[in-house]
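Have a look at the structure below, then the notes.
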Amino acid sequence: MSKAKQARNKSNNNKSTVKPIQPLNANQAQFFNTFQDYDCHLLTGWAGVGKSFIALYKALEAYQNKQYRHITIYRPNEVTGKDMGALPGTAEEKMAPFELPYTSIVNDIYGRGDMYGILKKIGALTFESPSFARGNTFDDTVVIIDEFQNLTAHALDTLITRIGTNTKVIICGDLQQQDIKRNSDKDVVKALHVLQNMDSTCTIEFSMEDIVRSGFVKEYIITKHKYYKEGY
């Protein structure tokens with residue numbers, strides 16, 4: 001290995017701060033600007049608007065600034081299409097496929113390929129199933145609840161009632177991407193309405209125009225929505 005390459009690797013290994021990132025649309029900017037002002041942020045809207053990314057970015061930035069000691073990500077382990085069957089292994093191994101997007105996001109935010117693993121190793125970040133939340137209390141933590149559309153109202157209630165002191169919760173999801181059947185008297189939408197009527201919650205609804213994943217995805221979703229709306 002050349003000395004130049006060794007120097008670059010050494011430099012990369014010393015990176016442990018988040019990269020400066022600017023919001024890509026007005027709703028992302030609203031979240032950035034109001035992050036400090038609310039105990040709960042509810043980010044709703046279409047796939048590809050950056051909900052999970054900005055939630056993790058602001059959580060990591062706050063952790064870096066020593067506002068919180070810990071970040072916990074909760075995501076239901078629902079499978080699109082139910083085509084994977086029963087996953088083998090331990091609880092951690094079963095959750096591993098659902099953890100991959102957050103691994104990529106964290107590593108991207110830091111600009112290095114091992115930062116997610118480092119944060120987990122030192123106990124700064126955990127990834128959990130909502131099934132194991134009962135009995136916990138979150139203090140000095142940013143709690144990210146992702147894919148809320150695949151939670152029951154009872155599961156969301158269980159997570160919300162774990163919130164302790166100096167803790168912020170960010171709830172992300174898209175009701176267009178539900179992978180579970182709904183029971184009307186246990187619909188998570190009802191639980192969300194409770195949060196939306198609290199002064200400590202900021203609700204940001206992303207539109208199709210906010211899609212930033214790619215121009216192709218934005219065009220696809222807008223065209224699909226028009227296609228079904230016009231009844232083709």
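The values are calculated or read from the model by the stated rules, or taken from the named source; none is laboratory data. Please read all numbers here as calculations on a predicted model, not as lab measurements. Neighbour counts are summed over all protein chains in view; Cβ atoms, including those assigned to glycine, are modelled from backbone coordinates with ideal geometry.
Residues that are crowded, with 17+ Cβ neighbours inside 10 Å and touching a Ser or Thr at 6+ places or on another chain (Cβ under 9 Å) within the stretch 196-219 comprise Cys202, Ile204, Phe206, listed in sequence order. When Asn166, Asn136 are checked against the criterion of being free of Cβ contacts under 8 Å to residues at least 40 places away in the same chain and over 14 Å from the mean Cα position of the chain (by Cα), Asn136 stands alone in meeting it. If you check Thr158, Thr137, Thr141, Thr167 for being over 30 Å from His225 (Cα atoms), of a type in the set (Val, Ile, Thr), in contact with a strand residue (DSSP E or B) (Cβ under 9 Å, 6 or more places away or on another chain) and modelled with pLDDT under 95, only one passes: Thr137. Scanning the stretch 48-67 turns up at least one residue that is among the aliphatic types (A, V, I, L, M) and part of a loop (DSSP other than H, G, I, E, B).
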